[in-house]
Amino acid sequence: PTLSLSLAVALLPPMASHSSPPPSSSEVLLSFSHGRKVATLTLNRPSRANALTPVMLTSIIHHLTTLKDDSAVRVLVLTGNGKYFCTGMDLGGSNQAEMRAKMADGGVADEALQLYESLKSFPKPVIARLNGSAMGGGFGLLLCADIRIGLSSSFFSFSEVKRGIVPALISAYVVPEIGASYARRFFLTGERVLSPLALKSGILTEVASDVSELDSLTEKFASIFIANAPNAMKVVKEIVADVGLGVDKHEHNKEVVKAVFQKYVVTSKEAMYGMACFKSKTQPDWSTLAPQAKL
């Protein structure tokens, strides 16, 4: 995988205004099928395991904002090109000093949450067609989709703790989706979750044996959604979100995870040490660091 971390710990730059045209980028592709009823967003950075760049983030949010108001579009498919679906935010670019500096002003958490919120609250059915494995923020991203179809050969991992990072922001979306028990296990261990456990735990809706079956299952669900009443499905998504967690509780959770992010990612000695070890490909010795104060 590329040098990347979860969007939960992403060093994100400010987002561009959604009223302006999206930045020109070949790294997020938009296509249509079924007479424009199905819109597909494809992460197109396979050489970097579809790790997200600032331009990609801006482009994705712009497309989501535009597509949600396009009455012709009935279904959204999110997928990627290459071996990986998404491995989170790319930390290997040339603008890392600037990105780190942006963290201190507190706006990074809001911008990261904006991406998840735009996808999770998208008013039309969202199908994650998982062309490969997902880690960190990419794992969190797929859990914002309504239907998640993965390959039997894929794995999924929240590896943040191995680098001294807390999967803070994405927890507001992951825990309600798969439950506290599985979230606790996957967050604490950082283990690779293979497709059978991914299906059992609710990470995946369906498992495909190969790309052909992946496409067939994606087509099956897209056709079902096209045949259903669009406003009824919109209300279904709203009521499930409200009954399952509640708007007030979700807003509270976002404030909690933002505070954790600021304290245990932005200013955490473990995080800085862990990322330095990750970049230098050395094994961290956590005993060399003094214990952190409790939240």
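The values are calculated or read from the model by the stated rules, or taken from the named source; none is laboratory data. Keep in mind the model is a prediction, meaning the values are calculated, not measured. Every residue, glycine among them, receives a Cβ derived from its backbone with ideal geometry; neighbour counts consider all protein chains shown. With ligands, DNA and RNA removed, areas are computed over all heavy atoms of the protein, side chains included. Shrake-Rupley method; radii C 1.70, N 1.55, O 1.52, S 1.80 Å.
Among residues of region 80-126 being open to solvent by 20 Å² or more (accessible area, probe 1.4 Å) and among the acidic types (Asp, Glu), the one that is modelled with the lowest pLDDT is 98. Among the residues of region 48-57, the one identified as outside any helix (DSSP H, G or I) and open to solvent by 10 Å² or more (accessible area, probe 1.4 Å) is 53. Going through region 58-79 one residue at a time, which ones are over 18 Å from the mean Cα position of the chain (by Cα) and either without any contact (Cβ under 8 Å) to a residue 60 or more places away in the chain or open to solvent by 30 Å² or more (accessible area, probe 1.4 Å) (or both)? 66, 67, 68, 69, 70, 71, 72, 73, 74 - these are the residues of region 58-79 that are over 18 Å from the mean Cα position of the chain (by Cα) and either without any contact (Cβ under 8 Å) to a residue 60 or more places away in the chain or open to solvent by 30 Å² or more (accessible area, probe 1.4 Å) (or both). Tell me which residues, restricted to region 30-42, are closer than 18 Å to residue 83 by Cα and either open to solvent by 60 Å² or more (accessible area, probe 1.4 Å) or among the hydrophobic types (A, V, I, L, M, F, W, C) (or both). Correct list: 41 only.
Tallying residues that are assigned to a loop (DSSP other than H, G, I, E, B) and crowded, with 17+ Cβ neighbours inside 10 Å within region 183-200 yields 1. Scanning region 172-182 for residues that are modelled with pLDDT under 95 and more than 15 Å from the chain's Cα centre (by Cα), we see that the one that is surrounded by the most Cβ atoms within 10 Å (Cβ to Cβ) is 179. The listed residues are 237, 220, and the only one of them that is touching a residue at least 60 places away in the same chain (Cβ under 8 Å) and out of contact with any Gly (no Cβ under 7 Å at 6 or more places or on another chain) turns out to be 237. Scanning region 199-248 for residues that are modelled with pLDDT of 95 or more and of a type in the set (Val, Ile, Thr) returns 203, 205, 207, 211, 218, 224, 226, 235, 236. Considering every residue within region 159-179, establish whether at least one is closer than 22 Å to residue 120 by Cα, outside any loop (DSSP other than H, G, I, E, B), in contact with a strand residue (DSSP E or B) (Cβ under 9 Å, 6 or more places away or on another chain) and not charged (D, E, K, R). No, region 159-179 contains no residue that is closer than 22 Å to residue 120 by Cα, outside any loop (DSSP other than H, G, I, E, B), in contact with a strand residue (DSSP E or B) (Cβ under 9 Å, 6 or more places away or on another chain) and not charged (D, E, K, R).
Give the residues of region 201-217 that are outside any loop (DSSP other than H, G, I, E, B), out of contact with any helix residue (DSSP H, G or I) (no Cβ under 8 Å at 6 or more places or on another chain) and either in contact (Cβ under 8 Å) with a residue 12 or more places away in the chain or surrounded by 12 or more Cβ atoms within 10 Å (Cβ to Cβ) (or both), sorted by residue number. 211, 213, 214, 215, 216, 217 - these are the residues of region 201-217 that are outside any loop (DSSP other than H, G, I, E, B), out of contact with any helix residue (DSSP H, G or I) (no Cβ under 8 Å at 6 or more places or on another chain) and either in contact (Cβ under 8 Å) with a residue 12 or more places away in the chain or surrounded by 12 or more Cβ atoms within 10 Å (Cβ to Cβ) (or both). Residue 45 satisfies every condition listed in (1) surrounded by fewer than 20 Cβ atoms within 10 Å (Cβ to Cβ); (2) at negative phi; (3) basic (Lys, Arg) except (1).
Can you pull out every residue in region 139-158 that is touching a residue at least 40 places away in the same chain (Cβ under 8 Å) and part of a loop (DSSP other than H, G, I, E, B)?
Restricting attention to region 139-158, the residues satisfying the condition of being touching a residue at least 40 places away in the same chain (Cβ under 8 Å) are 139-143, 145-156, 158.
Result: 143, 145, 146, 152, 153, 154, 158.
Scanning region 224-277 for residues that are open to solvent by 60 Å² or more (accessible area, probe 1.4 Å) and outside any helix (DSSP H, G or I) yields 228, 267.
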